[in-house]
1. Using 24 Å as the Cα-Cα cut-off, could you pick out the over-long pairs in 23/224; 167/224; 23/167; 23/191?
2. Which stretch or stretches of segment 1-42 have amide N atoms under 14 Å from the point lying 7 Å from residue 60's Cα along the Cα→Cβ direction?
3. What does the extension gain come out to for residue 223 and residue 183, with contour length at 0.36 nm per residue minus their alpha carbon separation?
4. For residue 176, what residues show an amide H to amide H distance below 5 Å, using hydrogens built from the backbone and excluding near sequence neighbours?
5. What ³J(HN,Hα) values, in whole Hz, does the Karplus curve 6.51 cos²θ - 1.76 cosθ + 1.60 give for segment 77-83 when θ = phi - 60°, with x put for Gly and Pro?
6. Where a ≥ b ≥ c are the square roots of the eigenvalues of the C-alpha gyration tensor, would you call segment 1-96 rounded, which needs a/c under 1.5, or, failing that, prolate if a/b is larger than b/c, or oblate?
7. Among all the aspartates and glutamates, which ones have a C-alpha under 18 Å from residue 58's C-alpha, if same-chain residues fewer than 8 places away are not counted?
8. Any idea what diffusion coefficient segment 23-63 gets from Stokes-Einstein, in µm²/s, Kirkwood Rh on alpha carbon pairs, 20 °C, 1.002 mPa s?
Amino acid sequence: MSESLQQLAENIWIFPRDRDANKVQPNVGIICTATQTVLIDSGNSPSHARRIQAALEKIQAPPLSHIIYTHHHWDHTFGACVFGAPVIAHDLCQELLTRSAEQLSKQQESAQHNPLAQAIERESIFRYILPTTTFARTMTLPLDGLTLELEHVGGAHAADSIVVRIKERGVMFLGDCYYPPPAYQQSDKQKTNWSMLASFIKEPGFEIFVEGHSNPLKGAEFLKRLSISLMARI
């Protein structure tokens, strides 16, 4: 497990996912300019978020101005209470996060050893942080010469999924948008949405793609993955 940031391009880092899938700790995107920092997702718990904070301190990152949720799932949102920054997300996120929180609290009570219970166990400061700014289809966030383009894409994994593009750096954050639904919602017929993936990675000008639970990939690597996966379906 790395406690160091991984730089992807000028101004852009990630706090890398934990390679132990059982810990359910996704990549967290970090955009640092001369005056402010923006997070893409917030970690899966206060303890995860504090590790991200420590890594930001090591690079003397400027103050955090916003958190962007790629979607409402707990592993992407439950660290936000540590940061005290306003949250941007899709219009559906507030409703879905509230509903999900109620369901997951019940799961926590009935299964002390599930990942959610472990993520917030003994965390007296934990609380759900709902979005303060939402959008329906697209939104732009100017950031000291960079422009973050947010677009709602939905998908089977989460209806509120968005992608975040930073065209000036050729980087796109995908969250979990093309993944199948979470395991507890899956049926045998629901698979990874490779068609959605194809629509994104063929956009001109993007060379680095960051999804929630895998290593970042360059455009050529992503195209190879897509080609193999589509051929396997024939």
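Each value in this text was obtained by applying a stated rule to the coordinates, not by laboratory testing. Everything quoted here is computed from the prediction, not taken from an experiment. FYI the Cβ positions are ideal-geometry reconstructions off the backbone, even for glycines, and counts take in every protein chain you see.
1. Pairs exceeding 24 Å: 23/224; 23/167.
2. 34-35
3. 11.8 nm
4. Here the answer is 212, since their amide H atoms fall under 5 Å of that of residue 176.
5. Using θ = phi - 60°, the values come out as 10, 6, x, 4, 5, 6, 8 Hz.
6. oblate
7. Hits, sequence-local ones excluded: 3, 10.
8. 201
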